[in-house]
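Undergrad: Please read through the structure below; I'll follow up with questions.
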Amino acid sequence: MRITDTSDLWWKNAVIYCLDVETFFDSDGDGVGDFAGLAQRVDYLSELGVTCLWLMPFYPTPGKDDGYDVSDFYGVDPRLGTHGEVVELVRTAKDRGLRVIVDLLVNHTSDQHPWFKEARKSKDNPYRDYYVWRSDPPPDTSDQVVFPDQEDSIWEKDEKTGEWYLHHFYKHQPDLNIANRKVQDAIAKVMGFWLQLGIDGFRVDAVPFFLNDLGMSEREKHDFSEPHEYLRALRQFLQRRSGDAILLGEVNVPFEDQVAFFGGTNGDELTMMFDFVGMQAIYLSMARADARPLAEALRQRPLDRISPDSQYANFLRNHDELTLDKLSEDERQEVFAAFGPEPEMQLFGRGLKRRLPTMLEGDPRRLKMAYSLLFALPGTPVLFYGEEIGMGENLELPGRMAVRTPMQWTAEPDAGFSTAPARKLVAPIVTGGFGPEHVNVASARHDPDSLLRHITLMAQRYRECPELGWGDFRVLEQPVTAVLAHRCTWDEASMVLLHNLDPESVVVPLTLDDDEEGTLLVDLLQEGECRLDERRRVELALDGYGYRWLRVQRPGDRRLP
Ligand code: NOJ
């Protein structure tokens, strides 16, 4: 009996799936996806192997940042459904063994939020201090804006009172004053509300931004001696309300700085963080057909300085631009040249608008290798809806909306997403080579070679191999630079994983010093096994863009091959 069961720390080997309710499935034919529609597709997600849904913001919104501009943290956008339907969805998901996490916006509200409408009325309005104001003209902050195509300052003058309010994102998203105890209480109540409705945690938006604001505010105004105390307080509150709920943070900072956001070895701040650095290294490695940048990023994860209960969330693509901001300028240009050479494929000078299949020119071998890698990397995999069928993007849509097109369920022109006429759809369906006639769930389900089947298998094997999510890992030394060879070990279980980033086939010689002569390596993705020779060596063949998951089988190992 272990004190901790794997299911207690469920996030350590979850399969997370991010979707936006409005683009997933429209049940009532008004052109907008809805909660009732999503509930009908929970079985599909369960069959795919998803264990946790991450719902992008579904709150009432003026819709100027695709819902990340919230005008009521307690509400449900009426186009998507009601609280009743949210509860039905959560209940259906739980019945199929899925957890549900939702976006939590601590950093900002919409300028249409009643708090901000009040705050801007006068300098002595009771809500004035819910936001961050300055009375003297701001310096040049054009280098701090997140969306340089739209904004040139993080301060905006509000004409009525003649003061400037802070907004790191768009000017219609004023930053909340987290130093204000009333704001802290309000955020906690919002968390409590959704937890009470049955959700299992939050994807916390823009974490470094609000902690940084807190750091800049005058100390005597708030209760924390340093900003991370606030994150600890949020986590404590979460855990008091719901013992196994999580905070999955959006923290795109270098590894060195991530330790603090996890709460170091205490693990008392964010439960999980996306590995933005590792994700960017994957693209650099794929562009070069050289696994070394990725291997280096994996080695640099500060695992010895964080709690074993904390976890990295791995991803290949998310709902924003594919940011390459942590690469050097030369490296970024290499990735642009390989995967998005045209200006219309790029965004903000730092990222790509495309989804993975178009970047890889639809090459099924390379795509399957990339998703094998996603599931094989130490950590928890996160999929963005449509990745499992290889959806493409619509570059004609502005900015990040390019990858937020409706889910493609069938080969019909409306992709089986909605019965509404095309002009009423929440976003246009992708057309051309990645349109629904070529890429859709219905045909993928019947095609044994489809990406959907492949990802379903990866998810299944990932769940059967907890060493991937829970274990220690090591990059294995070997001479083939195009190949990432790594090993994950947890308790008795151990795996060797190989990924070839090059189109040419290779043979990888490995020496596994810690294992005995005759140890079996059992292939988990195809028939076959091999044995270590007397020098504990083995030679492993990989096709071009090949991948292998090999279980190190020890005597008495009774797990399913
Ligand atoms: C990060 C989200 O991922 C992005 O979509 C959004 O625009 C900003 N935060 C502002 O909320």
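Undergrad: Please report how far the C-alpha centroid of region 288-321 lies from that of region 503-539, rounded to the nearest whole angstrom.
TA: Taking the Cα centre of each part, region 288-321 and region 503-539 sit 25 Å apart.
Undergrad: Taking Cα centroids, how far is region 389-434 from region 106-140 in Å?
TA: Using only Cα atoms to place each centre, the spacing works out to 37 Å.
Undergrad: Return the whole-Å distance between the Cα centroid of region 171-185 and the Cα centroid of region 1-64.
TA: If you average the Cα positions of each part, the centres end up 28 Å apart.
Undergrad: For K424 and R554, what does the FRET efficiency come to when R0 = 51 Å and r is the distance between their Cβ atoms, rounded to the nearest 0.05?
TA: Working: r = 59 Å, r/R0 = 1.17.
For R0 = 51 Å, the calculated efficiency reads 0.30.
Undergrad: Kindly provide the trypsin sites (Lys or Arg not before Pro) of region 1-68 that DSSP labels as loop, not H, G, I, E or B, and whose Cβ sees at most 15 other Cβ atoms within 10 Å. Each step should come with its number before you reach the end.
TA: Numbers: sites: R2, K12, R41, K64; in loops: R2, R41, K64.
Those satisfying the criteria are R2, K64.
Undergrad: While we're looking at this one, here's another question. Okay, which of region 261-292 sit inside 20 Å, backbone N to the point 7 Å along the Cα-Cβ direction of D363?
TA: The answer is 279-292.
Undergrad: Once all Cα-Cα distances of the chain are split into 20 Å bins that start at 0, what whole-number percent is in each one?
TA: The calculated distribution, bin by bin, is 21, 55, 23, 2, 0.
Undergrad: Classify region 197-317 as rounded, prolate or oblate, taking a ≥ b ≥ c as the square roots of the eigenvalues of its Cα gyration tensor: rounded when a/c is under 1.5, otherwise prolate if a/b is larger than b/c and oblate if not.
TA: Here region 197-317 falls in the prolate category.
Taken together, the values in this text are just the output of simple stated rules run on the coordinates, not laboratory data. Everything numeric in this text was worked out from a predicted model, so none of it was measured. In this analysis, Cβ positions are derived from the backbone assuming ideal geometry, glycine residues included, and neighbour counts consider all displayed protein chains.
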